[in-house]
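This report refers to the structure that appears directly beneath it.
The values are calculated or read from the model by the stated rules, or taken from the named source; none is laboratory data. What you see is a predicted model; the values in this text were computed from it and never measured. Note that each Cβ is placed from the backbone with ideal geometry, even for glycine, and that neighbours are counted across all protein chains shown.
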Amino acid sequence: MGPGGDRRHSGGCQCGAVRFAVATLGRASICHCRMCQKAFGSIGAPLVTAHGLTWTRGAPRHYQSSNKVRRGFCADCGTPLTYEYEGGIEVAIGAFDKAAEIAPVIQLGIESKLPWADGLAGLPTRSQAEAAKVAGFYASVVPRQHPDHDTAEWPPAKDEQP
C-alpha cells in the first residue's frame, strides 16, 4: 500500500538501534537542495511526509541544519532518518522496511540538482563477465544490518547472527 494508506509503515536505521512506525504517509519527494545532498551524502534526499510517527526502539539524535530545520539520524550508525520543521516531519524513504512502495511524486530544490543526476538511469551496469568476477566477494559478505521488519531484540544473540 502506497502513500496515504491506512496501515502502519515501519522502518529504522541500518544498525537497528532506532526503529519507527508511521500511521499514514503523505507526499513523497526527492529534494536536491545542497543541504539535503550533504545530509544524505548523496544526490539528494528522498523523503515522505509522516503522520502519526512513533519511535518504537530508541530515538534519533538531531542536528539543527538551519534556523528552520533539524535533521534526525541514528547516533550509532549515522543513518539519516528525519527532516523536521515547524509544520511537520518527513522521514527518509530508504529507512522504511518497504521502501519500494514509496515512490517520490515531485522533485524539490532543483536549483541545486547535480547536472549529471538525470543521466543515472542511462548508465551501463556490469556485464555478466564483470559480475562473475565479483560474485565470490558478494557471496562472502555477511550483513550486520537490521532486517526489514520489526524484531523483539537487536542485535541477535551471537549464535543467531546471520
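Tabulated data
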quantity: Any chance residue 59 is of a type in the set (Gly, Ala, Ser) and under 28 Å from residue 120 (Cβ atoms); calculated: no
quantity: Test: residue in the range 122-140 that is within 24 Å of residue 33 (Cβ to Cβ), exposed (fewer than 12 other Cβ atoms within 10 Å of the Cβ), touching a residue at least 12 places away in the same chain (Cβ under 8 Å) and not acidic (Asp, Glu); calculated: no
quantity: Within the range 23-79, tally of residues that are outside any helix (DSSP H, G or I), aliphatic (A, V, I, L, M), free of Cβ contacts under 8 Å to residues at least 60 places away in the same chain and within 21 Å of residue 106 (Cβ to Cβ); calculated: 6
quantity: Leading residue by the ranking (farthest from residue 57 (Cα to Cα)) among those in the range 146-162 that are surrounded by 12 or more Cβ atoms within 10 Å (Cβ to Cβ) and at pLDDT below 90; calculated: 156
quantity: Whichever residue in the range 4-14 is in a loop (DSSP other than H, G, I, E, B) and at pLDDT 95 or above and, among such residues, is surrounded by the fewest Cβ atoms within 10 Å (Cβ to Cβ); calculated: 14
quantity: Meets criteria (touching a residue at least 40 places away in the same chain (Cβ under 8 Å), loosely packed, with under 15 Cβ neighbours inside 10 Å and within 26 Å of residue 28 (Cβ to Cβ)) for residue 92; calculated: no
